[in-house]
Amino acid sequence: MKTNFAFALPLCALLLAGCASTGVSRVNSGTTTDLSGYWNDSDVRIACEAITTDCLSSPRLAGFQNKNNRLPVVIVGSFHNDSDEHIDTSIITKKLEIALTNSGKAEFVASKDERLDLRSERQDQQGWASEDTAKEIAAETGADFMLLGSVKTIVDKAGGTSTRVYYIDYELIDIQSNKKVFVGENNDIKKVIKRAAGSF
């Protein structure tokens, strides 16, 4: 019994020490928190705000509305990750879709994957849903423009100091003609990272 007690005391001390070293604090979602120096939520916010502002200021987008007497219909295509790190570009595309839709200056249609689900549902309604509620086949709204882009990085390193610059390029393309109605680039995200010797 004494042996078990003597063994348990150091074990409890270790567990308590481990718990004491763990801390979590909540911060405002708009707070910049650069821990590793890699792509993070602040970078997503900066990039998406710049892209949204650029696209909405395009005179050709405004010209489309004046000419056709309706809002342009946009779809966000692929945003490729051409950087040297893992970046979930689906977060970028979703944030862009939200920002551009909520601006009131463009309308959006469902993405490729979403359309497959919707088409399956419409097909399932044929012959099963009542005539006055079943949705028609081949009555979808086609997009006028597609927004495409990519994220690239340039890394420079000397000793324990490195710089990371993120280049985000984006293009708004007329789906009918393949004409690029807007081309933009943002390289405002630049980081200097200093690491102690032996750290990773």
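Summary table
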read-out	value
Over 22 Å between alpha carbons, listed pairs Lys112/Lys135; Lys94/Lys135; Lys95/Lys157; Lys135/Lys180; Lys67/Lys95; Lys152/Lys180	Lys94/Lys135; Lys95/Lys157; Lys135/Lys180; Lys67/Lys95
For the range 40-51, Karplus couplings with θ = phi - 60° (6.51, -1.76, 1.60), whole Hz, Gly/Pro x	9, 5, 5, 5, 4, 5, 4, 5, 5, 5, 5, 5
Helix-only mean residue ellipticity at 222 nm for the chain, each DSSP H run of n ≥ 4 adding -39500 (n - 2.57), per residue, nearest 500	-12000 deg cm²/dmol
Neighbour-limited loop hits for chymotrypsin sites (Phe, Trp or Tyr not before Pro), the range 80-188 (at most 14 other Cβ within 10 Å; DSSP other than H, G, I, E, B)	Trp128
10 Å Cβ shell holding at most 15 others, DSSP loop, trypsin sites (Lys or Arg not before Pro): longest site-free stretch of the chain	71-134
Cleavage-rule hits (GluC sites (Glu not before Pro)) in the range 86-191: DSSP loop, at most 15 neighbouring Cβ within 10 angstrom	Glu131, Glu136, Glu140
Karplus-derived HN-Hα couplings along the range 87-97 (A = 6.51, B = -1.76, C = 1.60, θ = phi - 60°), whole Hz, x at Gly and Pro	10, 7, 6, 5, 5, 4, 5, 5, 5, 5, 4
Net +/- balance of residues flanking Thr89 in space, Cβ distance below 11 Å, scoring K and R +1, D and E -1	0
Mean Cα-pair separation over length for the range 19-171, i.e. relative contact order, pairs under 8 Å, 6 or more apart, %	24 percent
Positive-pole candidate from Ala106, Gln123, Leu148, dipole of the chain, charges at beta carbon	Leu148
Among [x] 19.1, 70; [y] 25.3, 89; [z] 16.6, 52, the entry that matches Rg and Dmax of the Cα atoms in Å as calculated here	[y]
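No lab work stands behind these numbers, since they all come straight from the coordinates. Quick caveat, the model's predicted, so the values are computed rather than measured. Cβ coordinates were reconstructed from backbone atoms using ideal geometry, including for glycine residues, and neighbour counts include every protein chain displayed.
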